[in-house]
């Protein structure tokens with residue numbers, strides 16, 4: 001007889017003063033003052049849904065997003081009394097996680113603790129040596145691996161590759177991770193189970209929902225690759241790119257439309273834009289199911305994907321905003337980080353998108369160890385130029401200090417070249433509270449200055465003059481509040 005399990009998906013309410021970590025579904029970690037950044041952990045939610053569909057009892061407990069107190073968080077968890085607790089790990093909170101795991105193992109007496117995420121994919125054995133963790137699921141398809149693990153524990157089925165575990169006091173594993181799973185096998189996410197309305201960001205219409213129509217960063221017409229700082233692409237997706245079928249994507253859209261969602265954000269690394277035929281089929285299916293115009297789409301994107309035909313099709317599909325990685329205004333820096341784009345291509349693509357009536361969010365990084373003052377000035381100038389080009393309400397940007405997360409190619413390069421100004425395994429220092437790389441510029445000052453482009457009178461005026469609805473007004477006010485929070489983050493130079 002099969003014994004169904006009680007499984008808790010947890011984000012413990014870690015904090016630093018009044019700031020909370022961007023941990024769920026975040027590629028970059030920071031303790032932030034902004035209360036508007038609450039990303040929905042898609043893969044974790046898929047795993048929870050999959051196991052609920054198999055009649056397991058599920059607790060979704062995101063203490064970070066809900067700003068839950070530790071007392072309420074632990075009372076809720078212990079009251080549920082799970083057999084398995086699943087935690088997402090990232091470098092800056094590893095020491096806190098290890099202590100928490102050991103505490104829970106003592107207090108519960110029987111819980112099995114499972115770690116997933118980018119850091120433990122790079123360093124799986126480390127957590128076994130420093131904590132009483134039971135299992136580590138490597139790679140980004142940890143929804144598939146968690147289902148495999150649960151079936152193994154309850155029915156004795158064979159485990160998929162990529163799982164680490166303790167075996168008679170030794171660390172063992174099921175072999176090298178393989179990302180050969182059919183993404184269409186994963187279920188449509190149970191949004192109610194996973195409290196989807198708790199999540200959202202300042203630049204998205206509410207209610208919003210997050211999806212991943214694929215996994216990994218696709219590059220149109222080029223070989224696969226990844227920026228050297230990108231921990232998700234290197235650790236979770238092994239520099240690969242896959243998409244769900246257009247049919248599966250449309251089924252997800254239908255479910256979200258039925259829930260009353262206004263905007264869907266595709267958090268796949270470069271969206272689906274690198275496959276034009278996929279987009280065309282997606283359009284045809286949405287039209288057939290009478291879903292065109294029922295919901296707004298936004299997405300991550302690469303600038304070199306944004307040719308005129310693609311931008312026109314995106315507009316027809318109902319896309320509103322594209323989140324484009326600029327990273328630097330210097331071709332030399334773009335080449336050194338392996339972006340496989342030139343600044344001219346990014347500028348051209350962003351302007352194509354804006355010409356088609358799409359909004360754009362630019363993401364920028366500063367603090368490269370080989371960077372020069374003139375290069376960051378050029379980055380600032382290009383960012384400002386693009387932000388002021390055909391500005392519309394909803395255009396925005398993000399800026400951050402570059403962090404080479406442990407295990408990434410950039411971190412390995414920094415170790416070799418002596419670029420790190422902190423110990424390479426002093427994980428707590430990688431929380432973006434201060435630069436960890438040698439740099440010739442004041443990285444946090446420049447970060448603050450780039451964020452502040454959104455306070456430029458021209459940008460504010462142009463944005464205001466293009467407001468066409470009360471929803472856009474609310475969006476801009478929420479964005480301004482979030483901006484102030486982010487600027488406060490980068491004014492805390494050196495605060496630990």
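Just so it is clear, none of the values below were taken in a lab; they were calculated from the coordinates. Fair warning: this is a prediction, and the values are worked out from it, not measured in the lab. All Cβ positions, glycine included, derive from the backbone under ideal geometry; neighbour counts span all protein chains shown.
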Exercise for the section: Treating each Cα of the chain as an identical point scatterer and ignoring solvent, apply the Debye formula and state log10 I(q)/I(0) at q = 0.07 Å⁻¹. Expected result: -0.36
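Grab the DSSP H runs of the chain that are 4 residues or longer, score each as -39,500 (n - 2.57), total them, divide by all residues and round the 222 nm result to the nearest 500 deg cm²/dmol. Don't skip to the end; give the middle numbers.
On the way: 16 runs with 183 residues, N = 496.
It lands at -11500 deg cm²/dmol.
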Practice task
Between the alpha-carbon centers of the range 372-399 and the range 145-167, tell me the distance in whole angstrom.
Solution key: 48 Å
Exercise for the section: Could you tell me how many degrees, from 0 to 90 and to the nearest 10, lie between the Cα long axis of helix 246-258 and the main elongation axis, the longest principal axis, of the Cα atoms of the chain? Expected result: 90 degrees
Exercise for the section: Give the Cα extents of the range 157-239 along the principal axes, in whole Å, largest first. Expected result: 51, 39, 25
Problem - Inverse mean reciprocal Cα-Cα distance (Kirkwood Rh) of the range 401-448, Å - result: 11.0 Å
Exercise for the section: Calculate how many DSSP beta bridges within the chain are antiparallel, expressed in % of all such bridges and rounded to the nearest 5. Expected result: 25 percent
Exercise for the section: Could you work out how far the C-alpha centroid of the range 50-113 sits from that of the range 296-335, in angstrom? Expected result: 37 Å
Practice task
Give the angle, between 0 and 90 degrees and rounded to the nearest 10, that separates the Cα long axis of helix 470-490 from the longest principal axis of the Cα atoms of the chain.
Solution key: 70 degrees
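Arrange the peptides 267-273, 240-246, 282-288 so that the one whose residues have, on average, the most other Cβ atoms within 10 Å appears first. Could you put the intermediate results ahead of the total?
Values: 267-273: 25.3, 240-246: 19.4, 282-288: 16.6.
Peptide ranking by packing, descending: 267-273, 240-246, 282-288.
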Problem - Ranked 136, 163, criterion: other C-beta atoms within 10 Å, fewest first - result: 163, 136
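Using a Förster distance of 22 Å, how high is the FRET efficiency between residue 81 and residue 153, based on the Cβ-Cβ distance and rounded to 0.05?
Working: r = 16 Å, r/R0 = 0.75.
Computed FRET efficiency for residue 81 and residue 153: 0.85.
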Completion exercise
Percent of all Cα-Cα pairs per 5 Å bin for the range 40-109, counting from 0 up to the last occupied bin, reads 3, 12, 22, 27, 23, 11, 2
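Could you sort 212-220, 19-27 so that the peptide with the highest average Cβ count within 10 Å comes first and the rest follow in order? Mind showing how you got there, number by number?
Numbers: 212-220: 22.6, 19-27: 19.9.
The most tightly packed comes first, giving 212-220, 19-27.
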Exercise for the section: Relative to the longest principal axis of the C-alpha atoms of the chain, give the angle of the C-alpha long axis of helix 308-317, reported between 0 and 90° and rounded to the nearest 10°. Expected result: 60 degrees
Handout entry: Antiparallel DSSP beta bridges within the range 200-490, percent to nearest 5
Key = 15 percent
Fill in the blank from the handout: The whole-number value in µm²/s of the Stokes-Einstein translational diffusion coefficient for the range 6-173, with Rh from the Kirkwood sum over alpha carbon pairs at 4 °C and 1.567 mPa s, is 80 µm²/s
Fill in the blank from the handout: Expressed as a whole-number percentage, the relative contact order of the range 200-490 with C-alpha contacts under 8 angstrom and at least six residues apart is 17 percent
Practice task
Report relative contact order for the chain in percent, whole number only (criteria: Cα-Cα under 8 Å, sequence separation at least 6).
Solution key: 14 percent
